[in-house]
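Trainee: There's a structure below that I have some questions on.
The values are calculated or read from the model by the stated rules, or taken from the named source; none is laboratory data. Note that the structure is predicted; figures quoted are calculated from it, not measured. Ideal geometry is used to build each Cβ from the backbone, glycine not excepted, and the neighbour counts take in all protein chains shown. Side chains included, ligands, DNA and RNA excluded: accessible areas come from the protein's heavy atoms. Shrake-Rupley method; radii C 1.70, N 1.55, O 1.52, S 1.80 Å.
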Amino acid sequence: MKLVLVPTPIGNLEDITLRALRVLREAGVVAAEDTRRTRRLLDHYGIETPLVRLDQHTVSRLAGLFETRETVAYVTDAGTPGISDPGAELVGEALRLGAAVEVLPGPTALIPALVASGFPTARFSFEGFLPKKGGLRRRRLAHLVLEGRTAVLYESPHRLAKTLRELAEVYGEDHPVAVARELTKVHEEVFRGTIREAMARFARPKGEVVLVLAPAEAPSPDETALLESFVGQGLTGKALVEALVEAGVAKNRAYRLAVEVGRRSQ
Ligand code: SAM
């Protein structure tokens with residue numbers, strides 16, 4: 001039993017490897033998150049392997065597929081299965097069943113967006129989709145800031161404006177951001193500017209987007225000393241923010257530092 005994860009184009013049908021095409025042709029079955037979309041790809045390359053649907057709600061069907069086929073090829077809507085889609089869950093299921101798992105290298109939105117941003121690539125955080133709301137979402141954002149690495153986020157177009165506003169709250173409006181939109185498609189665009197400029201430019205965006213944020217400054221030795229002293233005095237939350245502001249730390253920054261302290265103590 002073998003599950004092969006096959007990356008597929010994120011917009012341009014030419015972005016598929018020779019090996020991916022061979023695996024799709026030779027597999028016993030192609031399982032796909034969206035069969036209509038994958039059918040177009042298979043038809044384009046004249047591949048006639050049987051196609052079945054397998055999405056995040058039907059991962060348990062993998063066992064049934066292995067009953068009659070030795071090799072199952074899996075493709076998601078676009079890009080590399082396992083990156084912000086049901087692929088990771090399916091790998092877990094395959095391993096549980098004792099199947100071998102093979103992952104082909106290939107297209108993904110994350111890497112071209114990161115590299116095109118022009119920000120440092122040696123260390124980066126991939127956040128995928130943020131939690132939709134609430135405290136966890138705010139904590140994740142604050143954490144990204146304090147990690148001091150380039151950060152990559154996936155976002156849907158209708159949530160982009162809201163997410164940019166929240167990013168402005170934690171990073172500050174002048175912070176550099178890149179918005180990679182419709183990568184590899186006819187209207188591909190990589191916007192580079194401040195979060196403020198991105199908010200003006202993407203008030204009502206269309207198409208698929210990846211957000212890339214330049215690394216924020218890590219806490220300075222002075223900030224670390226202040227934090228240690230105030231936290232040592234038992235200050236948390238709002239009281240900690242106020243003490244930091246009184247000590248001369250900018251309000252946005254104080255908020256970020258306090259959120260991170262709260263997160264670490266959980
Ligand atoms: N597995 C995919 C990958 O390897 O990138 C990601 C799947 S996730 C469900 C879909 C998200 O990827 C979109 O909301 C968007 O953030 C990003 N994305 C996919 N295709 C894109 C494209 N052509 N241009 C920009 N972003 C894209």
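Trainee: Once each part is reduced to its C-alpha centroid, what is the distance from segment 96-140 to segment 144-159 in angstrom?
Mentor: 10 Å
Trainee: While we're here: Can you give me the angle between helix 134-147 and the longest principal axis of the chain, using Cα atoms only, in degrees from 0 to 90, rounded to the nearest 10?
Mentor: Orientation of helix 134-147: about 80 degrees from the principal axis.
Trainee: May I ask for the angle, rounded to the nearest 10°, between helix 35-44 and the longest principal axis of the chain, with both axes built from Cα atoms and the value confined to 0 to 90°?
Mentor: In the chain, helix 35-44 runs at an angle near 60 degrees to the longest axis.
Trainee: Positive end of the charge dipole of segment 221-265 (Lys, Arg +1 and Asp, Glu -1 on Cβ, about the Cα centre): tell me which of L240, S229, G262 has its Cα farthest that way.
Mentor: Farthest towards the positive end: G262.
Trainee: If r is the Cβ-Cβ distance from V115 to Q233 and R0 is 35 Å, what FRET efficiency results, to the nearest 0.05?
Mentor: On the way: r = 45 Å, r/R0 = 1.28.
Approximately 0.20, to the nearest 0.05.
Trainee: Using only Cα positions of segment 160-200, each an equal point scatterer, no hydration layer, compute I(q)/I(0) via Debye at q = 0.22, 0.24, 0.30 Å⁻¹ and quote the log10 values to two decimals.
Mentor: -0.66, -0.74, -0.97
Trainee: Can you tell me the 0 to 90 degree angle between the C-alpha axis of helix 251-264 and the longest principal axis of the chain, rounded to 10?
Mentor: 60 degrees
Trainee: A follow-up question, please. For the chain, what is the charge dipole size about the Cα centre, in debye to the nearest 20, if Lys and Arg each add +1 at the Cβ and Asp and Glu each add -1 at the Cβ? Present the calculation step by step, with values, prior to reporting the outcome.
Mentor: On the way: 36 positive and 34 negative charges, 112 e Å.
The calculated dipole for the chain is roughly 540 debye.
Trainee: Got the relative contact order for segment 1-80 handy, in percent, Cα pairs under 8 Å and 6 or more residues apart? Present the calculation step by step, with values, prior to reporting the outcome.
Mentor: Numbers: 129 pairs, mean separation 40.2, N = 80.
Rounded, it is 50 percent for segment 1-80.
Trainee: Cα centroid distance between segment 204-239 and segment 54-79, in Å?
Mentor: For segment 204-239 versus segment 54-79, the Cα centre distance is 41 Å.
Trainee: Work out how much length F191 to R37 would gain on full extension: take 0.36 nm times their residue separation and subtract the Cα-Cα distance, in nm to one decimal. Could the numbers behind the result be given before it?
Mentor: Details: separation 154, 0.36 × 154 = 55.44 nm, distance 2.80 nm.
Result for the pair: 52.6 nm of gain on full extension.
Trainee: What ranking, highest mean first, results for peptides 121-127, 15-21 when packing means the other Cβ atoms within 10 Å averaged over each residue?
Mentor: Working: 121-127: 14.0, 15-21: 16.1.
Final packing ranking: 15-21, 121-127.
Trainee: Could you estimate the translational diffusion coefficient of segment 110-213 from the Stokes-Einstein equation, with Rh from the Kirkwood formula over C-alpha pairs, at 25 °C and 0.890 mPa s, in whole µm²/s?
Mentor: Working: Rh = 13.5 Å.
Using the Kirkwood radius from Cα pairs, D works out to 182 µm²/s.
Trainee: How much length is gained on full extension from E48 to E217, taking 0.36 nm per residue of separation minus their Cα-Cα distance?
Mentor: Working: separation 169, 0.36 × 169 = 60.84 nm, distance 5.26 nm.
Fully extending the segment from E48 to E217 adds 55.6 nm.
Trainee: Based on the alpha carbon coordinates of the chain, what radius of gyration and maximum Cα-Cα distance (Dmax) apply, in Å?
Mentor: Rg then Dmax for the chain, in Å: 22.1, 70.
Trainee: Follow-up question, since we're still on this one. Check cross-link reach from K185 to the lysines: straight Cα distance under 23 Å, and skip same-chain residues fewer than eight apart.
Mentor: K206
Trainee: Full extension from K133 to R159: what is 0.36 nm times the residue separation minus their Cα-Cα distance, to one decimal in nm?
Mentor: 8.2 nm
Trainee: Within the chain, what whole-number % of the accessible surface is contributed by carbon and sulfur, with the 1.4 Å probe and all protein chains included in the calculation?
Mentor: Details: 6990 of 13580 Å².
Accessible surface attributable to carbon and sulfur in the chain totals 51 percent.
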